[in-house]
């Protein structure tokens, strides 16, 4: 048997393992740097920047969860006239969609004002009882594409 092909195969396997390890490290480095870059962009009030032929853009990531418990949210939804979110309880997906819709309006206004919206801006735009019952998280992720 000619071992040339077997040696080539083993060489490619080793290269694949090495590249996989390098890729994992690059992904970890990107994840660590993303938080830093997002924080810097938010603090500077930039929605997007161009760097070395790439465009980095803040992509809103909105979450809402009860401050106390689910029943406080149910009561807040009733008080706000949003009974459609309450079958027996309330539907997490529908509530999240509603909060994202409000957040989208808030972020659009903030963009028009050339500033970055905050979670408090989103909570303030919710019906008052719901704003008291929900924690709102407004994070950002980076979107990168060729400029």
For the stretch 119-142, which positions are over 10 Å from residue 103 (Cα atoms) and not in a helix (DSSP H, G or I)? 127, 134, 135, 137, 139, 140, 141, 142
Selected residue (criterion: surrounded by the fewest Cβ atoms within 10 Å (Cβ to Cβ)) from residues of the stretch 45-64 that are in a strand (DSSP E or B), in contact (Cβ under 8 Å) with a residue 24 or more places away in the chain and more than 15 Å from the chain's Cα centre (by Cα): 50
Say we look at the stretch 69-88 and pick out the residues that are over 23 Å from residue 105 (Cα atoms) and touching a helix residue (DSSP H, G or I) at 6+ places or on another chain (Cβ under 7 Å); which of these is modelled with the lowest pLDDT? 86
Among (1) in contact with a strand residue (DSSP E or B) (Cβ under 6 Å, 6 or more places away or on another chain); (2) closer than 30 Å to residue 127 by Cα, which single condition is residue 91 missing? (1)
Condition met for residue 96 (surrounded by 11 or more Cβ atoms within 10 Å (Cβ to Cβ), in a helix (DSSP H, G or I) and outside the structural domain of residue 134 (by TED's automatic domain parsing)): no
Is there any pair linking a residue in the stretch 69-86 that is in the same structural domain as residue 129 (by TED's automatic domain parsing) and more than 11 Å from residue 129 (Cβ to Cβ) to one that is assigned to a helix (DSSP H, G or I) and at pLDDT 85 or above, with Cβ under 7 Å and at least six apart or on different chains, and which? 83/77; 85/77; 85/94; 85/95; 85/98; 86/74; 86/77; 86/78
Among the residues listed as 101, 114, the single one being surrounded by fewer than 13 Cβ atoms within 10 Å (Cβ to Cβ) and assigned to a helix (DSSP H, G or I): 101
Going through the stretch 1-44 one residue at a time, which ones are in contact (Cβ under 8 Å) with a residue 60 or more places away in the chain and either on the phi > 0 side of the Ramachandran plot or outside any helix (DSSP H, G or I) (or both)? none
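The values are calculated or read from the model by the stated rules, or taken from the named source; none is laboratory data. Only a predicted model underlies this, so the values are computations on that prediction, with no experimental measurement involved. Using ideal geometry, Cβ is built from the backbone for each residue, glycine included, and neighbour counts are taken over all protein chains shown.
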